[in-house]
Amino acid sequence: MSVATLHYIHDPLCGWCYAAQPLVGAALAQLGGRLALHLHGGGLFGEPRGVDATLAQHIVQSDERIAQLSGQPFGEAYRQGLLAEDGTVLYSLPPIAAVLAAESLDATKAYPMLAAIQNAHYQRGLRVAEPAVLAELAEETGLAGVPFAQALARAEGHAVFEHVQASRRLLDEAGGHGFPTLLLEADGRRALLPHHHYYGRTEAFVQMLAAQLPALH
């Protein structure tokens, strides 16, 4: 069987990546036997950034649009809690490192870990840059605590910086426009996928993607 690769350039704290979560999840569920997923964390918040009133207002307005188009839920603990609380900091590198750690332990856990981080942030209002929260999410995803903590320690620092830099190079080479960017690699060629046309239209996205996969052999 010929297997294609779906390159997903994302950020765990990118609202539009959360909007794309149903698309990527459905593609894996329905086409997983013909499609390998490679995650590339892009580092939207490469440095810790505190959430002030101006940033919170911008995020809320964007989230309203995301919810309207994608149907993805935003919890009260996130909207009225996390975004409104003093001391909330957005920092992409710890959750990206957590995804890398999950992938190093079990490749099939990488995307579930990313989805768990997104859901924890946008629905439960958890501070997903904190190691204790990431450890809890890893256990919910089915990863043992001690191996995950060791893998997270290996992924932090230089490793995650290198990963983010490589993701940004791929984004530039592909001609993508920020996060999320989806690239389908098949038969030695890469093509950008127009995922933004499919928010809220999961089955149509899967059908579009399936039509571009190599024929079964």
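The numbers here are math on the coordinates, done by the rules we state, and not lab data. Computed from a predicted model, the values in this text were never measured in an experiment. Note that each Cβ is placed from the backbone with ideal geometry, even for glycine, and that neighbours are counted across all protein chains shown.
Brief remarks follow.
- Three-way shape call for segment 1-46 based on the alpha-carbon gyration tensor, with the a/c threshold at 1.5: oblate
- Estimated 222 nm signal from helices in the chain, with DSSP H stretches of n ≥ 4 weighted -39500 (n - 2.57), rounded to 500: -16500 deg cm²/dmol
- Spatial offset of segment 127-191 relative to segment 80-107 amounts to 10 Å, using the alpha carbon center of each.
- Relative contact order [Cα under 8 Å, 6+ residues apart], the chain, whole percent: 32
- For segment 58-130: rounded, prolate or oblate by the Cα gyration tensor [a/c cutoff 1.5]: oblate
- Among Val206, Val99, Val60, Val146, the order by Cβ neighbours within 10 angstrom, fewest to most, reads Val146, Val60, Val206, Val99.
- Put a plus charge on the Cβ of each Lys and Arg, a minus charge on the Cβ of each Asp and Glu, and nothing anywhere else: the dipole of segment 4-212 about its Cα centre is then about 480 debye.
- Helix 202-212 vs. the chain, principal-axis angle (Cα, 0 to 90°, nearest 10): 40
- Rounded tilt (10° steps) of 15-31 against the dominant C-alpha axis of the chain: 40
- Cα extents of segment 116-217 along the three principal axes, largest first (Å): 42, 32, 30
- Helix axis angle, 131-141 relative to the chain longest principal axis, alpha carbon, degrees: 40
- Each principal axis of the Cα atoms in the chain has its own extent, and those three values, largest first, are 55, 39, 31 angstrom.
- Taking amide H atoms as placed 1.01 Å from N in the peptide plane, the amide H of Phe45 lies under 5 Å from those of Ser92, each 5 or more residues away in sequence or on another chain.
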